[in-house]
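Read through the structure below, which is laid out as structure tokens, and then see the notes.
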Amino acid sequence: MSFCEKHDIGLTDIIKEVTNADHSNPLHKELITSYRDDNLDRKNELQYIFNLEFNTIQILKLIEKNRNSLKGVFFTRRGNSGIPRTWEQWELIKGKCENEGIYFEALYTPSTKGKGVKDKILLWRESINNCF
């Protein structure tokens, strides 16, 4: 049994698909293969380069279905800088949690940039413990 199964933890991604990614396009390939979230919200003049399909409806349904047992909902991003479309989806999810009285919080990204990994683990534990 995995850690997540043992502790009833579910994971999902807000972004379901980048529908127009073209791996033969050098710019697309460069942007899509990086670990920078803001690359998915880049614009070419006034138009977004990538079309994003979100998992928001499915996430909201999961929250609704499990609202009596769900302890918390977390987003691994602290700020909305450079990701307006994704942040808008998080705001919808947060609103649902607020309405249902479910704890929610934006966590520091698990990447190794910024704060050290050990510091992030402590912050994550503290946030998760706030659910109980």
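Candidates ILE63, ILE59, ILE93, ILE9: the one that is β-branched (Val, Ile, Thr) and in contact with an Asp or Glu (Cβ under 9 Å, 6 or more places away or on another chain) is ILE63. Within region 60-110, being aliphatic (A, V, I, L, M), within 14 Å of THR12 (Cα to Cα) and within 11 Å of the chain's Cα centre (by Cα) holds for VAL73, ILE93. For region 1-33, how many residues are within 30 Å of ILE63 (Cβ to Cβ) and not basic (Lys, Arg)? Selection size over region 1-33: 20. Residue count for region 64-83, restricted to those that are more than 11 Å from THR109 (Cα to Cα) and at pLDDT below 85: 3. With respect to the stated conditions, ASP41 fails to be at pLDDT below 90 and of a type in the set (D, E, K, R). Of the residues making up region 1-22, those that are assigned to a loop (DSSP other than H, G, I, E, B) and at pLDDT 90 or above number 5.
The values are calculated or read from the model by the stated rules, or taken from the named source; none is laboratory data. Remember, predicted model here, so these are calculated numbers, not experimental data. Heads up, the Cβs are rebuilt from the backbone with ideal geometry, glycines too, and the neighbour counts pull from every protein chain shown.
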